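Everything below concerns the one structure shown next.
The values are calculated or read from the model by the stated rules, or taken from the named source; none is laboratory data. Quick caveat: nothing in here was measured; it's all calculated off a predicted structure. We place every Cβ from the backbone using ideal geometry, glycine too, and count neighbours over all the protein chains shown.
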Number of protein chains: 2
Amino acid sequence: MTTYNAPVEEMMFLFDHLKDNKNYNEIEKFKEINSELVKDILIQAAKLNQEVIHPLAKIGDEKPCIYENGIVRSPPGYKEAYKKFINEGWTSLSCDPKYGGQGMPKTVSTFFEEMLSSASLSFKLYSELSIGAYNCILQHADEKIKTTFLPKIVEGKWSGTMCLTESQCGTDLGLIKTKALKQKDGSFSLSGQKIFITSGDHDLTENIIHLVLAKIPGSPEGTKGISLFLVPKFNVNDDGEVGTRNGVSTLSIETKMGIKGSPTCVLNFDNAKGFLIGKENKGLSSMFTMMNLERIIVGIQGLGIAETAFQNSVAYAKERKQGKSNNNADNKTDAILKHADIRRSLMNMKSIIEGQRSLAFWLSQQVDVSLNHPNKEIKKEAEEIVSLMTPVIKSFFSDSGMEITNEAIQVFGGYGYTKDQGIEQLYRDNRITPIYEGTNSVQAIDLVFRKVLNNKILNKFIKIINNEIDNNQSNNDLKNFSNILKKNVKTLTDFSNWLEEKNKNKKDDVSSACNDFLKVLGYISLGFAWFKMTKVSLKKTNENKNFYEEKINTAKYYFEKISPRIESHYNSAISGSESLMKAKFN
Amino acid sequence: MTTYNAPVEEMMFLFDHLKDNKNYNEIEKFKEINSELVKDILIQAAKLNQEVIHPLAKIGDEKPCIYENGIVRSPPGYKEAYKKFINEGWTSLSCDPKYGGQGMPKTVSTFFEEMLSSASLSFKLYSELSIGAYNCILQHADEKIKTTFLPKIVEGKWSGTMCLTESQCGTDLGLIKTKALKQKDGSFSLSGQKIFITSGDHDLTENIIHLVLAKIPGSPEGTKGISLFLVPKFNVNDDGEVGTRNGVSTLSIETKMGIKGSPTCVLNFDNAKGFLIGKENKGLSSMFTMMNLERIIVGIQGLGIAETAFQNSVAYAKERKQGKSNNNADNKTDAILKHADIRRSLMNMKSIIEGQRSLAFWLSQQVDVSLNHPNKEIKKEAEEIVSLMTPVIKSFFSDSGMEITNEAIQVFGGYGYTKDQGIEQLYRDNRITPIYEGTNSVQAIDLVFRKVLNNKILNKFIKIINNEIDNNQSNNDLKNFSNILKKNVKTLTDFSNWLEEKNKNKKDDVSSACNDFLKVLGYISLGFAWFKMTKVSLKKTNENKNFYEEKINTAKYYFEKISPRIESHYNSAISGSESLMKAKFN
């Protein structure tokens, strides 16, 4: 079985030394969230995740959810753990105190998301979409709905889902068939079938609050005629407690490659009572409130699982003895950690993980600013950066999670392929992350067409990186890194100019370049994150040589060994789309 | 469930148009193996693999091997299929007619290996190591052993294993503990425990012939004191039939990520009777006869699984309708095959698969020459090329198999993650190929230190590529491709010079560059393969426009979109090993 130790020191490094940001500092309510408080929270979170939740990962894989007679049962131990989880208040961490939340910033809650992903993705998914539902209801529902549903969700007694996909429509939501008929009392009656619904049914909470996309008859065709509805599993009485069963039933659950402890349901809505959230036909944009924050969290899932893979690989490499390294001194068999090639694998993992954690922290700050800053313009700017980086975090982190769990299996050799070690499970569990909440290709298309070409947000991000480089021109220790970063930013600029040009009359060139562009932006963002970490580490070296020298060394690894990938993606992309469009695939 | 159609046309294209090779043509016994005969064989093989064997893939995954009371039972249907398999003579395909074989060249049997890998890797593994054992016995055992064991193995009534790994030693075979004590009758008594033994026990054959590495007490330390023994599950009577049970028992089978229809056994040898194969203490080099051919076949496994993933992805992409492509004409939802990014994924798969099939065909010829050519020098030259390319085929093809099965899951979206479709199984089944028969990192180290640095074989391969380029200088249609290939060969040369230089006093630089070097050589070899296919296709276009134009187009894709990866590996590698060797991993 895998072990997990929450990287509290790494997280506190970010919170203590990379938090200084003018806009974030201006958010009144976060001024009291100090280092000591955050450390206390992280230590408690670590304890729960290490001791209670991590053991559930293997249990869920070996004893998956069961569907029987219309009822879904969670794996053994999940109920008890969930009870502890909500009793300790973890579902409420980042929620509004008005509805019982603790009001923590994303800078803090993102650390918790990572830990939970490291501990057990299956267990995490039971509460994850509740927070998505919370955000959506908070921003788009009327006050009555809010006061009825939010406190229970925040408390964790009720959970949430998002119901988008139907068998004929995944990416293309314009094809939705689920119908919503308006009733005399102002509510709606929903009928249709939804598939791939994470936590669509289970036995951990008293009630499940479905947020459902459906069409009101007579509304416009395609995505412009989709509305969003809140449909509870159990109707809610006037006293706020659960009442009769609503017309939602579970037809089956999927048998999957991984996340077997999480039920993926086919739900049938048969004249189910629902309430409109937001305006008619504006459902998709309301749902995107939920989707966008979820997409960032999916990226964090990849990061969290990668962290567990990395920790266990290092531990195994220290313990497993095999062969003699180049520097073997005593002619005895070396631990494989001594072998250069194993170290390369581990450094690949380490440099990507620590870079991504830092990037995620920075983006969490932008989310906090986008949600809470008093100045509208600053808020909007942050929103733009978040919208640019959301597909990057989602896709790049989840893909990296695959690369890292894959390398971890190799470090374990034959043992990595057996179920006992738990390493192959990380790989299987993570394999959903490049798919759900919009496949990584869809993210890449969203990034390029919507954010880069239509909204021209990229230049704002490039400016942020260039400022960072320019402000440190005089720092000779950073010279090597800033030179590489500069060169990479030049490639990014060339790439986006190429996209602009091709978008005029060779759209297929653009479409087929999206994935490569996302990767390029991802690696450059990591370079940006490493640049900032290095700057701090150079200053602080004497305070904790061991910690900061390792950071600087890892940055060096990143710039030298990982960033060359950027040119390869760029060169592949700009060769165009002629051959792939011409292919017949007979 | 997946479907599979054996790519007979693709295979016959290679056999008919890329077989012309002076050395190969000089092998007397293969002169009668003509196109018609091969096509007949492939069509029969296709029928068996498509109809009988492919359905076993899913069955084996859902109803894995069972270990109960010391006995291993294969999944339902495997026994019946195996009977048909040996009745049709498939185990004997490439074996020596002297022992009942059909004497087919590797150029033909490799196609069969690919088909079988595409159909069901688990089923394939029952017979695969028999051929390995056959080769090892054929080359190293005395005549009595040969006549006793080979006919039964060739016939498929007895199967074979290779027993190397013990819990404390995988890569580092010097750590082997299994002991072999010489008996008065000249036989040996073996005691010890072997793990990860593929097909170590099962119910498909009457007897199982283990080839076991063990130490004779008093022999030298490390790998220089290892001998090879033949240890049958059942002792063989003087009449050649199975007799009493030998002292080999099965302690358990592994629960694995994939290839669940294939039993991976822990075998206990308790005073088991064995026969020395080859000379005392020379066991490792004898075993490598088996290992080297096996390693090529593991590469072919990756290719075969990738082919199934590709075929199913194309079929799904033609059928699944979602969104509108850039070239949408009728405002109706398009099949996802119309989307540029999906086409890019499919072309990644296609260009790698067809390139690898062609490269494998070329290497099979080299194997045939190395085993059969009358001229010793020519034989040795071919042997060298085979030894250079063996780690490349093993690692590069198996890694590509991961990339391609991964892309296939993405094409299928959420459906790709469910067990129903069978796509995720391809990914899990293939995940063993980068591990077994020596992990891919071990292959890369073997390639660089043994083949490139010690034996200087690389230049011979570079010369072959350069000749190919030079001989086609006047062909203007090939100009673009030869320019790219030339540039890539330059990188390969620079890379190997860098390795030579660093090997003098910075061995860690070399060790940490091995994986990248293997990738570089792999991609260039594919370029070489595509170059030759293009040359033929340009000549033949008018004979079958549809087929040959698609080939030329796919070559274009390969050179433009895939080969840029080469520079990235090179640049990453030559940055050296300082940061990774310095890392502390505290």
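In region A:153-174, the residue that is nearest to A:Lys98 (Cα to Cα) out of those that are among the β-branched types (Val, Ile, Thr) and more than 14 Å from chain B (Cβ to nearest Cβ) is A:Val154. Residues in region B:123-173 that are of a type in the set (A, V, I, L, M, F, W, C) and touching a Gly at 6+ places or on another chain (Cβ under 7 Å): B:Phe123, B:Leu129, B:Ala133, B:Ile153, B:Val154, B:Met162.
Name the helices (runs of 4 or more DSSP H) wholly inside region B:4-106 in which the number of residues that are farther than 28 Å from B:Cys136 by Cα, without any contact (Cβ under 8 Å) to a residue 12 or more places away in the chain and touching a strand residue (DSSP E or B) at 6+ places or on another chain (Cβ under 9 Å) is 3 or more.
On the way: elements: B:8-17, B:22-25, B:35-47, B:54-62, B:78-87.
So the answer is none; nothing clears 3.
Hey, can you tell me all the residues within region B:285-321 that are in a helix (DSSP H, G or I) and within 24 Å of A:Gln168 (Cα to Cα)? The answer is B:Ala309, B:Phe310, B:Gln311, B:Asn312, B:Ser313, B:Val314, B:Ala315, B:Tyr316, B:Ala317, B:Lys318, B:Glu319.
Could you check region B:562-586 and list, in sequence order, the residues that are assigned to a helix (DSSP H, G or I) and under 29 Å from the mean Cα position of the chain (by Cα)?
The first filter runs over region B:562-586 and keeps only residues assigned to a helix (DSSP H, G or I), leaving B:562, B:565-573, B:578-582.
If the condition is that a residue be assigned to a helix (DSSP H, G or I) and under 29 Å from the mean Cα position of the chain (by Cα), then B:Ile562, B:Arg565, B:Ile566, B:Glu567, B:Ser568, B:His569, B:Tyr570, B:Asn571, B:Ser572, B:Ala573 are the ones that fit.
What do you reckon, is A:Ser122 within 14 Å of another protein chain (Cβ to nearest Cβ), surrounded by fewer than 22 Cβ atoms within 10 Å (Cβ to Cβ) and hydroxyl-bearing (Ser, Thr, Tyr)? No: the conditions fail for A:Ser122. Would you call A:Phe585 facing another protein chain (nearest Cβ under 10 Å), aromatic (Phe, Trp, Tyr) and surrounded by fewer than 24 Cβ atoms within 10 Å (Cβ to Cβ)? Spelling it out, A:Phe585 is indeed facing another protein chain (nearest Cβ under 10 Å), aromatic (Phe, Trp, Tyr) and surrounded by fewer than 24 Cβ atoms within 10 Å (Cβ to Cβ). Of all residues in region A:179-220, those that are in contact with a helix residue (DSSP H, G or I) (Cβ under 9 Å, 6 or more places away or on another chain) and either among the polar types (S, T, N, Q) or not in a strand (DSSP E or B) (or both) total 11.
Restricting to region B:175-185, and then to whatever is in contact with a Phe, Trp or Tyr (Cβ under 8 Å, 6 or more places away or on another chain) and free of Cβ contacts under 8 Å to residues at least 60 places away in the same chain, can you tell me which residue is farthest from the other protein chains (Cβ to nearest Cβ)? It would help to see each step written out before you state the result.
Initially, region B:175-185 is screened for residues in contact with a Phe, Trp or Tyr (Cβ under 8 Å, 6 or more places away or on another chain), giving B:178, B:180-182.
If we keep only those that are free of Cβ contacts under 8 Å to residues at least 60 places away in the same chain too, we end up with B:181-182.
Working: B:Leu181: 25, B:Lys182: 28 Å.
Among those residues, the one meeting the criterion is B:Lys182.
Going by the conditions given, is A:Asn271 more than 30 Å from A:Val411 (Cα to Cα), surrounded by fewer than 23 Cβ atoms within 10 Å (Cβ to Cβ) and at pLDDT 95 or above? Yes: the conditions hold for A:Asn271. Among the residues of region A:366-385, the one identified as crowded, with 24+ Cβ neighbours inside 10 Å and among the charged types (D, E, K, R) is A:Asp368.
Name every residue in region A:322-342 that is part of a helix (DSSP H, G or I) and either more than 9 Å from chain B (Cβ to nearest Cβ) or in contact (Cβ under 8 Å) with a residue 12 or more places away in the chain (or both), in order of residue number. Those that are part of a helix (DSSP H, G or I) and either more than 9 Å from chain B (Cβ to nearest Cβ) or in contact (Cβ under 8 Å) with a residue 12 or more places away in the chain (or both): A:Ile336, A:Leu337, A:Lys338, A:Ala340, A:Ile342.
B:Lys215: basic (Lys, Arg) and within 14 Å of chain A (Cβ to nearest Cβ), yes or no? Against the criterion (basic (Lys, Arg) and within 14 Å of chain A (Cβ to nearest Cβ)), B:Lys215 does not qualify.
Could you list, in sequence order, all residues of region A:455-470 that are aliphatic (A, V, I, L, M) and modelled with pLDDT of 95 or more?
If the condition is that a residue be aliphatic (A, V, I, L, M) and modelled with pLDDT of 95 or more, then A:Leu458, A:Ile462, A:Ile464, A:Ile465, A:Ile469 are the ones that fit.
State yes or no: is B:Tyr523 over 24 Å from A:Ser563 (Cβ atoms), buried (at least 18 other Cβ atoms within 10 Å of the Cβ) and among the aromatic types (Phe, Trp, Tyr)? Spelling it out, it is not the case that B:Tyr523 is over 24 Å from A:Ser563 (Cβ atoms), buried (at least 18 other Cβ atoms within 10 Å of the Cβ) and among the aromatic types (Phe, Trp, Tyr). Scoring A:Glu319 on the criteria (1) acidic (Asp, Glu); (2) free of Cβ contacts under 8 Å to residues at least 40 places away in the same chain; (3) away from chain B (no Cβ under 14 Å) leaves a single failure, condition (3).
When you check B:Ile153 against the structure, is it at pLDDT 95 or above and of a type in the set (A, V, I, L, M), yes or no?
Values: at pLDDT 95 or above: yes; of a type in the set (A, V, I, L, M): yes.
In short, yes.
Being within 22 Å of B:Thr255 (Cα to Cα) and surrounded by fewer than 19 Cβ atoms within 10 Å (Cβ to Cβ) is the filter here; which residues of region B:26-58 pass it? Passing the criteria: B:Pro55, B:Lys58.
Looking at region B:386-501, what helices (runs of 4 or more DSSP H) fall wholly within it and have at least 2 residues that are crowded, with 24+ Cβ neighbours inside 10 Å and more than 10 Å from chain A (Cβ to nearest Cβ)? Working first, answer last.
Numbers: elements: B:414-417, B:423-430, B:440-445, B:458-470.
Those helices (runs of 4 or more DSSP H) span B:423-430.
Within region A:557-578, is even one residue within 11 Å of chain B (Cβ to nearest Cβ) and more than 27 Å from A:Ser496 (Cβ to Cβ)? Give the derivation first.
Here is the first cut: in region A:557-578, the ones within 11 Å of chain B (Cβ to nearest Cβ) are A:557-578.
Among the residues that remain, those that are also more than 27 Å from A:Ser496 (Cβ to Cβ) are: A:557.
Looking through region A:557-578, at least one residue is within 11 Å of chain B (Cβ to nearest Cβ) and more than 27 Å from A:Ser496 (Cβ to Cβ).
So B:Thr223 ticks every box in (1) assigned to a strand (DSSP E or B); (2) within 28 Å of B:Lys146 (Cβ to Cβ) but one. Which box is left unticked? Every condition holds for B:Thr223 apart from (1). The one condition from (1) within 7 Å of chain B (Cβ to nearest Cβ); (2) under 27 Å from A:Phe13 (Cβ atoms) that A:Cys514 does not meet is (2).
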